[in-house]
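S.K.: After the structure tokens below, expect a handful of questions from me.
The values are calculated or read from the model by the stated rules, or taken from the named source; none is laboratory data. Bear in mind the structure is a predicted one, so any value in this text is a computation, not a measurement. Here the Cβ positions follow ideal geometry from the backbone for every residue, glycine too, while neighbour counts run over all protein chains shown. Just so you know, the surface numbers come from the protein's heavy atoms only, side chains and all, with ligands and any DNA or RNA stripped out. Shrake-Rupley method; radii C 1.70, N 1.55, O 1.52, S 1.80 Å.
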Amino acid sequence: GEDAIAECKTSLDEIQKGIDFLKDDERARLSFCFMNSVMSDNRKYSNLHNPKSQKLYWREFQMAFILQSLRGVVGDDKGEQNFADVLWFPTGGGKTEAYLGIIIFASAYRRLLEQEEISNKFDMSLNNDGGVCAISRYTLRLLTIQQFQRALGVFVVSDMKRVQNWIPKDMILE
């Protein structure tokens with residue numbers, strides 16, 4: 001029991017660091033807004049025949065996973081490279097949306113880097129050329145097609161927004 005409580009406290013600390021990162025980093029906030037906009041539009045497009053299912057709802061574990069992962073996927077926390085988080089929920093629980101959200105966040109953050117910011121504080125190169133941002137692998141063949149379709153939908157919406165130079169109306173990068 002005490003180990004589980006300690007792990008929960010560690011998780012809570014990581015969630016808070018993710019929230020603080022969004023508060024303190026304007027590019028992170030913009031990328032987070034972009035991620036939510038992409039996921040929301042994808043949800044609408046994926047449920048055209050079911051209006052009740054068109055609204056984006058993040059489950060608690062999804063948002064916790066995303067918040068805990070933000071700093072690591074942009075290279076802000078080198079210690080994050082030493083960990084691999086596993087989302088353990090049954091089929092239909094929302095794991096795919098959680099990791100697709102993180103991929104969209106990471107790719108948006110990279111796209112917003114200025115040329116002089118391409119190396120992070122650990123002198124690691126961050127590629128901003130629009131190349132590979134994430135690699136995904138599925139082990140069950142039946143899920144592969146469905147997951148590919150879901151990922152493709154998110155990436156198409158993301159690229160549509162990128163081409164349109166989407167940015168929240170009340171947020172301007174200086």
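Residues are listed down the side, and each one gets a yes or a no for (1) open to solvent by 30 Å² or more (accessible area, probe 1.4 Å); (2) over 16 Å from the mean Cα position of the chain (by Cα); (3) closer than 20 Å to Ile167 by Cβ:
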{"residue": "Thr10", "(1), (2), (3)": "yes, yes, no"}
{"residue": "Lys17", "(1), (2), (3)": "yes, no, no"}
{"residue": "Phe21", "(1), (2), (3)": "no, no, yes"}
{"residue": "Ala28", "(1), (2), (3)": "no, no, yes"}
{"residue": "Tyr57", "(1), (2), (3)": "yes, no, no"}
{"residue": "Phe61", "(1), (2), (3)": "yes, no, no"}
{"residue": "Leu67", "(1), (2), (3)": "no, no, no"}
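S.K.: Please determine whether any residue of the stretch 75-96 is closer than 23 Å to Lys161 by Cα, at pLDDT 90 or above and either of a type in the set (Ser, Thr, Tyr) or open to solvent by less than 30 Å² (accessible area, probe 1.4 Å) (or both).
M.R.: no
S.K.: Related question: Here is a check on your reading of the model: is Phe122 modelled with pLDDT under 85 and either loosely packed, with under 12 Cβ neighbours inside 10 Å or touching an Asp or Glu at 6+ places or on another chain (Cβ under 6 Å) (or both)?
M.R.: yes
S.K.: Hey, among the residues in the stretch 133-174 that are of a type in the set (S, T, N, Q), open to solvent by 70 Å² or more (accessible area, probe 1.4 Å) and more than 17 Å from Ser107 (Cβ to Cβ), which one's modelled with the lowest pLDDT? So that I can check it myself, show each step before the final result.
M.R.: First, the residues of the stretch 133-174 that are of a type in the set (S, T, N, Q): 136, 139, 144, 146-147, 149, 158, 164-165.
Now restrict to residues that are open to solvent by 70 Å² or more (accessible area, probe 1.4 Å): 139, 146, 149, 164-165.
With more than 17 Å from Ser107 (Cβ to Cβ) added as a condition, the list becomes 139, 146, 149.
Details: Thr139: 64, Gln146: 79, Gln149: 86.
Among those residues, the one meeting the criterion is Thr139.
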